[in-house]
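Have a look at this one.
The values are calculated or read from the model by the stated rules, or taken from the named source; none is laboratory data. Nothing here was measured: the structure is a model prediction, and the numbers come from that model. Cβ placement follows ideal geometry from the backbone for every residue including glycine, while neighbour counts extend to all protein chains displayed.
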Amino acid sequence: MEQAGERNIITLWFLWHFYEMPKFLFSVWKNYLKFGSNYFSIPLLFKTLFSPWRRYKWMYPKGFDIIEFFNTLISNFFSRVLGAICRVILIVIGIIFQIFIFISGILVILFWLFIPLIIISGFLIVFST
Amino acid sequence: MEFDIKKTSVYRAVKTERFFIFRFAEFLEKAFLYLFVFSFLLIALSLLNSFSGMLALQLSVASFTLFLLFWELSLFSRLKLKSADLQEYGANLSDAVRQPADYNLAEFLSFEACKTAEGAIKFCRKRKITEINSTPLFYSAIKNEKDIKLICYRLGLDVKKLQDDLKNCIEKNRRQPQSSETFSGDFENIILEAAKVCVERGKKSIGEKEILVALARHDEFFKKVLVSADLKEKDVENITLWLDSVENTLSQYKKFWTYESLSKNGSLGKDWASGFTVALDQYSIDWRNIVSKWTFKEIIGNQKEIEQSEMVLARDSLSNVLLVGEPGVGRKSIVQAIAQRCYFGANLPELNNKRVVELDMVALLSQIQDVEKMETVLDRIFQEALAAGNVILVIDEIHEHIDTIRKILSKYLPMKNFQFIGITTYEGLHQKIEQNSSFLQYFRKIEVPEVSELETIRILQNFALELEQKHKILILYPSIREIVNLAGRYFPSIPFPKKALDVLDEVVVYAVSQKEKVVMPHDVAKIISDKTEIPVGKMEFKEKEVLLNLENLIHQRIVNQSEAVKEISDAIRRARAGIASKKRPMGAFLFLGPTGVGKTETSKALAQIYFGNESKMIRIDMSEFQRISDIPRLIGAVSPVEQQGLLTTPVRENPFSLILLDEIEKAHKNILNLFLQVFDEGYITDGQGRKALFTNTIIICTSNAGAEIIFKQVETGQKLDKQKLIDFLIKNKIFKPEFINRFDASVIFNPLTKENLLNIANLMLGSLKKNLEEKEIEFEITESLKEKIVELSYKPEFGAREMRRVIQDKVENAVAEALIADKIQKSDKIEIDPETFEIIINPE
């Protein structure tokens, strides 16, 4: 049984910085990606792309009323068109958001991993000039 | 068992954290960040040639580098060194608890707990105490730990005094120094016990709160402190659990990056895929909007019912729930919990992101009176709820609107994707909903029980936080415990948590009105006393005196009957001292004796002395209950007509009463059987299906059956034999043995002798004398008058009853006439002629 107490502070830090924290940052990244997919629900928006906007539907007349029939047809058509436009906009925003999160995640994790290098470089720059 | 903190990683972390670079890391991180921001200003100045560009750049790089360095160190200290996951060597706390000999338990200490243990060791070393026991551990915990101080403060303990007392105690118990430092047996016991508590609570490391719980269980000093503060180890356990839960909620709230926290933003995509609910929004409360504003509110209790409801709602069809429970048990909390879990995305996938919307039937009914219009609107509302695809519809107290909505709702309930929650009471279910079995079959009935006392304490603790913030007042934990104890005992007909929440609210308002800064247990006792008109809480000096002198006080109204008075006084003392059975009535007595000997008067005197008022007596003449068909009059009924019980309803309304069942022998035998359960279990279910509790009542049954035997024994000069009388009653089938056995005592009231009657005459005339004194008239009671009254009224079979009539006819009438005719003036002294009953004014 290995005793944690036997590990020195450098080993602890090394493990923490290069293993535990990246693991944690990955989980945060995953959470944001998961949140984005739930918040925008892009597959659902695609599935319901041509559904009436907010399920607003007009009922067709029961008897034979050609004018009313066309009125309803046009209304329902516009409801669907409006729904499609809104959803397309949201899909685009959702995709941009996900791409942004994806890139930010990679950058943050890379930045974290390079912090020791940045600190050393910083000192080198300061002391060399 | 091994306990050596020096060998542990957590001890190294404690030592490392004390290194100045870690101690000031957070401060330096902020300082260099500000410097880095400031360096931009210098760079800007260098562009204007006011500052050296190279220097500005150097400063900027240096400050950024140092900021990064100290940020890293500060994070490392906070997230790694102080965190609980230092025990990475594969050992498990539950294994260590099972086999403590194989492990160094110090390895499992949390960062704070390690600091506490180290503090105790240092404290002892400084005083050259080589055997370290649990008391220095307690001292160190209370001195260094913020959480422990907070707990003690909330328990109502004086932290400063406790520290001083502990210090004195440790100094006093100082022994001869030994060669090496050792831990005493009780120290090791505390650590092992704390480890066990951690395992019970599912924790990986031993925290300072668990050490406090272990100290409450095993440290003699802390035990004494708890006893003197009227606290129990259970209280320490409860408060540590509560603090854990609050800290957990706070830390969850701070962790904005978790999926649960991010989910609180809802789902725009799912919302856009669902429909509008225009008519429903007009007459409804959207619980999703309300719960979205709650930051720390936690729904406690009824977890099983919440899960059951969710399972039903997630079904494909017939996803309708009927929540049945008494008002105040937290039926609405189940709806809130479902709304919260849907909003947080922590529910079943079928329910996540759904809106829980409560249809406000009262608003709807008040705005639309026309029946046809109402039906149209309701149809539109249900249609919208169905079409929207993300609505869980709720109707509170559905039984009250069943006639209006049943027809329309029945159309939607069997539909797929229609999710509905109805809330009702047992009464509403039996009287209204069960009448329409076809309507009931659409629902899955879920009964909501009362929450437990422990859960109520946690609910109150969370509510107390809100009240503390609102009223700027501190609510001590003992006050909360007192509320639960007293509300449970004194408001049996109202369920938890409602009764406790109501009392807490009132107590806080009372304390604020009294300009108090802290809500103390005696404030709770005051509110409960005011509400019940019963003295509760710690006994006041005056009340103690009353209880100790109960016999004398009763004897001020009752002549003779010392045996009866003694038995009943003992029962009251037992009840008030809290040692009587809490399940049974405070006392059940059978008073046997001829008429007019003081059976009823004793009961009245007791109601006056103990319950504060004679009106606290529920008196029922049992001769009115001679037929079995009289049972509904006694305990109530719902059919054929609804009627309240003459016994059960007053007991439900006034649970603190003296119940006098007069002439019990005249009641029907089956009616007497009803009382067997009352005497044994302390409750009866009334005709409406409600529980009437008798645990705070004194029940006195009077009977003059067997009076002839008493007279015979008295005439022959024998001593009254109780057993003989009881045998007679059983033999003649007046009472069954099981009925007589259930009384705490059967008390025989002796027939009154002439001497007793003289004393009674004195008492009765004394009351007249007192009334006349108020009119400043002095009434002289002569011996000859008393003797004459006794002579006129002495009929052993009527007892003292005849005497009241004689005093009224002969004395009170004469005085009243003289008063009206102005024959007697203020400051006159009067006497009554015993022969003629004429008034003698200012006799020589």
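Among the helices (runs of 4 or more DSSP H) lying completely within the stretch B:724-798, list those that include at least 3 residues that are farther than 23 Å from residue B:679 by Cβ.
In the stretch B:724-798, the matching helices (runs of 4 or more DSSP H) lie at B:754-774, B:783-793.
Please go through (1) over 41 Å from the mean Cα position of the chain (by Cα); (2) under 30 Å from residue B:204 (Cα atoms) for residue B:111 and return the number of the only condition it doesn't satisfy.
If we test residue B:111 against (1) over 41 Å from the mean Cα position of the chain (by Cα); (2) under 30 Å from residue B:204 (Cα atoms), just (1) comes out false.
Quick test for you: out of B:688, B:677, pick the one residue that is more than 25 Å from residue B:744 (Cα to Cα), surrounded by 14 or more Cβ atoms within 10 Å (Cβ to Cβ) and not aliphatic (A, V, I, L, M).
B:688
State which residue is farthest from residue A:23 (Cα to Cα) when the search covers only the stretch A:119-129 and only residues that are within 7 Å of chain B (Cβ to nearest Cβ) and surrounded by fewer than 16 Cβ atoms within 10 Å (Cβ to Cβ).
Per the criteria, the residue is A:129.
Note down all Cβ pairs under 9 Å where the first residue falls in the stretch B:250-271 and is over 15 Å from residue A:33 (Cβ atoms) and more than 10 Å from chain A (Cβ to nearest Cβ), the second is assigned to a loop (DSSP other than H, G, I, E, B) and at pLDDT 90 or above, and they're at least six residues apart or on different chains.
B:252/B:258
For the stretch B:799-824, how many residues are part of a loop (DSSP other than H, G, I, E, B), in contact (Cβ under 8 Å) with a residue 40 or more places away in the chain and over 30 Å from residue B:715 (Cβ atoms)?
Total satisfying the criteria: 1.
Against the conditions (1) in contact (Cβ under 8 Å) with a residue 24 or more places away in the chain; (2) surrounded by 15 or more Cβ atoms within 10 Å (Cβ to Cβ), where does residue B:518 fall short? Just the number, please.
With (1) in contact (Cβ under 8 Å) with a residue 24 or more places away in the chain; (2) surrounded by 15 or more Cβ atoms within 10 Å (Cβ to Cβ) applied to residue B:518, the lone miss is (2).
Do you know which of the residues in the stretch A:33-62 that are small (Gly, Ala, Ser) and part of a helix (DSSP H, G or I) is surrounded by the fewest Cβ atoms within 10 Å (Cβ to Cβ)?
Among residues in the stretch A:33-62 that are small (Gly, Ala, Ser) and part of a helix (DSSP H, G or I), the one surrounded by the fewest Cβ atoms within 10 Å (Cβ to Cβ) is A:37.
Can I ask one more? Condition (residue is more than 10 Å from chain B (Cβ to nearest Cβ), surrounded by 14 or more Cβ atoms within 10 Å (Cβ to Cβ) and either charged (D, E, K, R) or in contact with a Lys or Arg (Cβ under 8 Å, 6 or more places away or on another chain) (or both)) applied to the stretch A:66-76: is it met by at least one residue?
yes
Another one. Please specify each residue of the stretch B:118-145 satisfying the condition of being within 44 Å of the chain's Cα centre (by Cα), of a type in the set (Val, Ile, Thr) and farther than 19 Å from residue B:11 by Cβ.
B:135, B:142
Do you know which residues across the stretch B:691-713 are more than 22 Å from residue B:489 (Cα to Cα) and either surrounded by fewer than 20 Cβ atoms within 10 Å (Cβ to Cβ) or among the small types (Gly, Ala, Ser) (or both)?
Matches in the stretch B:691-713: B:703, B:705, B:706, B:707, B:708, B:709, B:711, B:712, B:713.
Moving on. Consider only pairs whose beta carbons are under 9 Å apart and that are at least six residues apart or on different chains; among these, list those whose first residue lies in the stretch A:44-68 and is at negative phi and whose second residue is acidic (Asp, Glu) and part of a helix (DSSP H, G or I).
A:60/A:68; A:61/A:68
State whether the residues of the stretch B:4-19 include one that is at pLDDT below 90, hydrophobic (A, V, I, L, M, F, W, C) and exposed (fewer than 14 other Cβ atoms within 10 Å of the Cβ).
Scanning the stretch B:4-19, I find at least one residue that is at pLDDT below 90, hydrophobic (A, V, I, L, M, F, W, C) and exposed (fewer than 14 other Cβ atoms within 10 Å of the Cβ), so the answer is yes.
May I pose another question? Answer yes or no: is there a residue in the stretch A:77-90 that is more than 8 Å from every other protein chain (Cβ to nearest Cβ), farther than 24 Å from residue B:344 by Cα, in a helix (DSSP H, G or I) and of a type in the set (Lys, Arg).
The answer is yes; a qualifying residue exists.
On to the next question. Answer with yes or no whether residue B:196 is basic (Lys, Arg), farther than 30 Å from residue B:386 by Cα and in contact (Cβ under 8 Å) with a residue 24 or more places away in the chain.
yes
What about residue B:760, is it surrounded by 13 or more Cβ atoms within 10 Å (Cβ to Cβ) and over 24 Å from residue B:564 (Cα atoms)?
Criteria not met by residue B:760.
I'd like the residue in the stretch B:793-822 that is within 50 Å of the chain's Cα centre (by Cα) and aliphatic (A, V, I, L, M) and, out of all such residues, is farthest from residue B:767 (Cα to Cα).
B:800
Do we find that residue B:656 is assigned by TED's automatic domain parsing to the domain that holds residue B:740, touching a residue at least 60 places away in the same chain (Cβ under 8 Å) and closer than 26 Å to residue B:594 by Cβ in this structure?
no
Now, a different point. Of the conditions (1) more than 30 Å from residue B:251 (Cα to Cα); (2) within 13 Å of chain A (Cβ to nearest Cβ), residue B:98 satisfies every one except a single condition; which number is it?
It fails just one condition, (2).
Are any of the residues in the stretch A:94-102 farther than 24 Å from residue B:389 by Cα, assigned to a helix (DSSP H, G or I) and modelled with pLDDT under 95?
No, the stretch A:94-102 contains no residue that is farther than 24 Å from residue B:389 by Cα, assigned to a helix (DSSP H, G or I) and modelled with pLDDT under 95.
How about the stretch B:403-430: which of its residues are closer than 25 Å to residue B:691 by Cβ and buried (at least 18 other Cβ atoms within 10 Å of the Cβ)?
B:422, B:423, B:424, B:425, B:428, B:429
While we're looking at this one, here's another question. Within the stretch B:493-508, how many residues are touching a strand residue (DSSP E or B) at 6+ places or on another chain (Cβ under 8 Å) and in contact (Cβ under 8 Å) with a residue 40 or more places away in the chain?
Number of matching residues: 3.
From B:130, B:116, grab the single residue that is within 23 Å of residue B:477 (Cβ to Cβ) and of a type in the set (Ser, Thr, Tyr).
Only one candidate qualifies: B:116.
Another question, then. Within the stretch B:796-807, is even one residue of a type outside the set (Lys, Arg) and modelled with pLDDT of 85 or more?
For the stretch B:796-807, residues of a type outside the set (Lys, Arg) and modelled with pLDDT of 85 or more: present.
Looking at the stretch B:273-286, can you tell me whether even one residue there is β-branched (Val, Ile, Thr), over 27 Å from residue B:459 (Cβ atoms) and within 14 Å of another protein chain (Cβ to nearest Cβ)?
Yes, the stretch B:273-286 contains at least one residue that is β-branched (Val, Ile, Thr), over 27 Å from residue B:459 (Cβ atoms) and within 14 Å of another protein chain (Cβ to nearest Cβ).
Yes/no matrix, rows are residues, columns are (1) surrounded by fewer than 19 Cβ atoms within 10 Å (Cβ to Cβ); (2) under 20 Å from residue B:426 (Cα atoms); (3) touching a residue at least 40 places away in the same chain (Cβ under 8 Å):
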position: B:319; (1), (2), (3): no, no, yes
position: B:331; (1), (2), (3): no, yes, yes
position: B:339; (1), (2), (3): no, no, yes
position: B:342; (1), (2), (3): no, no, yes
position: B:369; (1), (2), (3): yes, no, no
position: B:374; (1), (2), (3): yes, no, no
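Among (1) touching a residue at least 12 places away in the same chain (Cβ under 8 Å); (2) away from every other protein chain (no Cβ under 14 Å); (3) of a type in the set (Lys, Arg); (4) part of a helix (DSSP H, G or I), there is one condition residue B:297 misses while meeting the rest; what is its number?
Of the numbered conditions (1) touching a residue at least 12 places away in the same chain (Cβ under 8 Å); (2) away from every other protein chain (no Cβ under 14 Å); (3) of a type in the set (Lys, Arg); (4) part of a helix (DSSP H, G or I), the odd one out for residue B:297 is (4).
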